[in-house]
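Okay, so here's the structure we're looking at.
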Amino acid sequence: MKVVGFSFVKNAIKYDYPIVEAIQSILPICNTFVVAVGKSEDETLQLIQSIPSDKIQIIETVWDDRLREGGQVLAIETNKAFDAIVDDADWCFYIQGDELVHEKDWPHIQKQMLRYKDEVEIEGLLFNYRHFYGSYDYIGNSRRWYRKEIRIVRKDKAIRSYKDAQGFRKHGQKLKVKQLDAYIHHYGWVKHPQQQQLKQRSFNKLWHDDTWVDNHVADVTSFDYSKIDSLEKFEGTHPKVMQERIAKMNWQFNFDPTQQKKSLKEKLSNSFEQLTGYRIGEYKNYILLK
């Protein structure tokens, strides 16, 4: 079974993306790994080149800064990496620059990839998500956070990254997928408040024009993490490759999980979800096969 990882990145140092850790979190279960490195304002290219592995293939790209709607440039860059994967790959394992997989999930992921390798009707594999917020101690537990997404797909030229690289589709149609008992740890909302605010202004420009950004993103130096509706304390462990970064955390964030800022409607919806496991009105960019 041939598994190829792939990702894209730009300005990883400037915006403090754990891209090295992200790659390392799945590299041991990949035969090779393709990284599309966009022309950056920092030494992102050198950072990726410094990863001590002969599995990594770098393609240098230039982002189209004219694309200011819907985050579509992220899908375009994802597709550049995907298209560079060899045609005989059985599975393509996608990881974004702020996502990691825990090493305890490797055996299950490998087992399921092997199990479904020859079942061609299965076009992708679905992961659960943990969205960390403010620090490495809290995860989002409200409806604002998506719970699942596709991160492993077939090497099929008809499969394309969807919208703002949210997931994947084939000929514009949702992929047929199997659920994995594995998690993506998403750390996009965990970084120093100054770098988080810097990221907010830059990142929103991939979706909106300058007027929108000026009106909706505060012109301040630090991001205010306190404006969050609901979090819960994370009781698990982080991937080993994140331990050094976690130890170097140099800001404070605390949250009282008992102080929930939810409407009555959301409280009722959450109660129903806890009882049944079903989230009312949840958007699903996939077709889940039983």
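Within the set of pairs 6+ apart or on separate chains, which have a first residue in region 189-207 that is among the polar types (S, T, N, Q), a second that is in a helix (DSSP H, G or I), and C-beta atoms under 6 Å apart?
Asn204/Val213
Quick check, is Trp63 over 16 Å from Tyr15 (Cβ atoms), out of contact with any Cys (no Cβ under 7 Å at 6 or more places or on another chain) and among the aromatic types (Phe, Trp, Tyr)?
Spelling it out, it is not the case that Trp63 is over 16 Å from Tyr15 (Cβ atoms), out of contact with any Cys (no Cβ under 7 Å at 6 or more places or on another chain) and among the aromatic types (Phe, Trp, Tyr).
Mind listing whichever residues of region 20-49 are β-branched (Val, Ile, Thr) and touching an Asp or Glu at 6+ places or on another chain (Cβ under 8 Å)?
Val37
Could you tell me how many of the residues in region 5-30 are of a type in the set (A, V, I, L, M) and surrounded by fewer than 24 Cβ atoms within 10 Å (Cβ to Cβ)?
5
Within region 161-177, restricting attention to residues that are touching a residue at least 24 places away in the same chain (Cβ under 8 Å) and surrounded by fewer than 18 Cβ atoms within 10 Å (Cβ to Cβ), which residue is farthest from the chain's Cα centre (by Cα)?
Only one residue tops the list, namely Lys176.
Which residues, counting only those in region 107-119, are more than 14 Å from Arg151 (Cα to Cα) and either crowded, with 22+ Cβ neighbours inside 10 Å or touching a residue at least 24 places away in the same chain (Cβ under 8 Å) (or both)?
Correct list: His108, Leu114, Tyr116, Lys117.
So which residues in region 120-140 are over 30 Å from Asp256 (Cα atoms) and surrounded by fewer than 21 Cβ atoms within 10 Å (Cβ to Cβ)?
Residues satisfying the conditions are Val120, Glu121, Ile122.
Mind listing whichever residues of region 57-71 are over 16 Å from the mean Cα position of the chain (by Cα), in contact (Cβ under 8 Å) with a residue 12 or more places away in the chain and farther than 25 Å from Arg245 by Cβ?
Result: Ile59, Glu60, Thr61, Val62, Trp63, Asp64, Leu67, Arg68, Glu69, Gly70.
Is region 72-94 home to any residue that is within 20 Å of the chain's Cα centre (by Cα), surrounded by fewer than 17 Cβ atoms within 10 Å (Cβ to Cβ) and over 29 Å from Asp16 (Cβ atoms)?
No, every residue in region 72-94 fails to be within 20 Å of the chain's Cα centre (by Cα), surrounded by fewer than 17 Cβ atoms within 10 Å (Cβ to Cβ) and over 29 Å from Asp16 (Cβ atoms).
Would you check which residues across region 19-56 are assigned to a strand (DSSP E or B) and over 20 Å from the mean Cα position of the chain (by Cα) and list them?
Selection gives nothing.
In region 15-38, what residues are aromatic (Phe, Trp, Tyr) and farther than 20 Å from Phe82 by Cβ?
Tyr15
Looking only at region 190-236, how many residues end up being of a type in the set (Ser, Thr, Tyr) and surrounded by 12 or more Cβ atoms within 10 Å (Cβ to Cβ)?
Within region 190-236, residues that are of a type in the set (Ser, Thr, Tyr) and surrounded by 12 or more Cβ atoms within 10 Å (Cβ to Cβ) number 4.
Sort out which residues of region 214-254 are part of a loop (DSSP other than H, G, I, E, B) and of a type in the set (Gly, Ala, Ser), and write them in order of number.
Ala218, Ser222, Ser226, Ser230, Gly236 - these are the residues of region 214-254 that are part of a loop (DSSP other than H, G, I, E, B) and of a type in the set (Gly, Ala, Ser).
Since every read-out is calculated from the coordinates, none of them should be taken as a lab result. All figures in this text were calculated on a predicted structure; none of them were measured in a lab. Positions of Cβ are backbone-derived with ideal geometry, glycine not excepted, and every protein chain shown enters the neighbour counts.
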